[in-house]
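Q: Structure in structure tokens, see below.
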Amino acid sequence: MATVSTPYVGRFAPSPTGLLHAGSLVAALASWLDARAHGGRWLVRIEDVDTPRCVPGAAEAILGQLAACGLLPDEPPLWQSTRGTAYRQALDTLVAGGLAYPCACSRREIEAVWTARGALPGRHGELPYPGTCRHGLHGRPARAWRLRLSDDAIVHWHDRRLGEQTQDVAAAVGDFVLLRADGLWAYQLAVVVDDAAQGIT
């Protein structure tokens with residue numbers, strides 16, 4: 001029996017924090033060319049889920065920049081700011097499956113735990129979440145929701161330039177935030193839900 005391959009669907013997903021710079025336009029062109037080279041579709045997603053960082057009018061200006069370069073998506077752009085219901089459904093599903101839990105920790109408290117253990121921030125200045133609220137809030141109010149990773153959350157993938165890659169997500173990141181303390185959806189949840197909904201390959 002012949003193997004049926006999944007149709008290629010690529011995307012460019014800028015955050016509207018200002019106009020696209022030259023590097024972003026190169027990335028957009030590269031993703032557009034990759035989609036065309038694979039006979040696939042190219043989509044644009046406006047990642048405006050982090051509303052405090054968004055600049056009014058920037059999303060429309062970005063779409064104009066892309067159009068001026070002939071980079072037109074094969075479907076109307078998807079705006080993350082309209083997708084709250086989908087994100088809520090995804091979080092509810094994770095909670096129902098025991099895969100997400102409320103967290104009462106502030107960044108300062110997380111840093112204090114690691115300082116007490118003698119740990120220093122990693123390459124990006126962040127330390128993995130130490131799991132303080134994994135087994136309950138201990139009477140403290142919830143601030144955010146986190147994904148409950150398995151202890152062996154090791155991800156493998158093939159990068160076309162770098163080859164085989166591996167990350168121990170539990171060790172490098174820890175249980176990451178899905179719904180932030182300020183009530184905004186975290187990028188980590190939004191991007192996965194939207195990639196699945198759009199069939200991004």
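Throughout, read-outs are computed from the coordinates displayed, never taken from laboratory work. Quantities reported herein were computed from a predicted structural model and do not represent experimental measurements. Backbone-built Cβ (ideal geometry, glycine too); neighbour counts: all protein chains shown.
Q: Using Cα atoms only, what is the angle between the long axis of helix 187-198 and the major principal axis of the chain, expressed in degrees (0 to 90) to the nearest 10?
A: 40 degrees
Q: With a cut-off of 8 Å between alpha carbons and a minimum separation of six or more residues, what is the relative contact order of the chain in percent?
A: It rounds to 21 percent for the chain.
Q: May I pose another question? Under the rule that a partner needs its Cβ under 4.7 Å from the first Cβ, which Cys of the chain have none?
A: Cys with no partner Cβ under 4.7 Å: 54, 69, 105.
Q: Shifting gears a bit: On C-alpha positions alone, give me the angle between the axis of helix 84-96 and the longest principal axis of the chain, in degrees, nearest 10.
A: Value to nearest ten degrees: 40.
Q: Let me ask something else. Taking the Cα-to-Cβ direction at residue 82 and at residue 167 and moving 7 Å from each Cα, how far apart do the two end points lie in nm?
A: With each label placed 7 Å out from Cα toward Cβ, I get 2.9 nm.
Q: Against the 2.2 N^0.38 Å scaling, with N counting residues, where does the stretch 152-201 land? I'd like the Cα-based Rg ratio to two decimal places.
A: So the Cα radius of gyration is 1.39 times the expected 2.2 N^0.38 Å.
Q: Using helices alone, what [θ] at 222 nm do you get for the chain, with -39,500 (n - 2.57) per DSSP H run of 4 or more residues, divided over all residues and rounded to the nearest 500?
A: Working: 6 runs with 66 residues, N = 201.
Here the helix-only value at 222 nm equals -10000 deg cm²/dmol.
Q: Among DSSP beta bridges lying fully in the chain, give the percent that are antiparallel, nearest 5. Could the numbers behind the result be given before it?
A: Working: 13 of 19 bridges.
Roughly 70 percent of the beta bridges in the chain run antiparallel, per DSSP.
Q: Once phi is turned into ³J(HN,Hα) by the Karplus curve 6.51 cos²θ - 1.76 cosθ + 1.60 with θ = phi - 60°, what whole-Hz value does each residue of the stretch 43-54 show in order, with x for glycine and proline?
A: The phi angles translate into 10, 10, 10, 8, 8, 9, 6, 8, 4, x, 8, 6 Hz.
Q: Out of these labelled values of P(r) over Cα pairs in 10 Å bins from 0, in percent, (1) 8, 27, 32, 25, 8, 1; (2) 8, 33, 33, 18, 7, 1; (3) 8, 28, 24, 18, 15, 6, 1, which was calculated from the coordinates shown here?
A: From the options (1) 8, 27, 32, 25, 8, 1; (2) 8, 33, 33, 18, 7, 1; (3) 8, 28, 24, 18, 15, 6, 1, the structure gives (1).
Q: What net charge do the residues around residue 91 carry, taking every other residue with its C-beta under 13 Å from that of residue 91, with Lys and Arg at +1 and Asp and Glu at -1?
A: Result for the local shell: +4.
Q: Same structure, new question: Once both axes come from the Cα atoms, what is the angle between helix 58-68 and the longest principal axis of the chain, in degrees from 0 to 90, rounded to 10?
A: Taking the Cα atoms of the chain, the angle to 58-68 is about 30 degrees.
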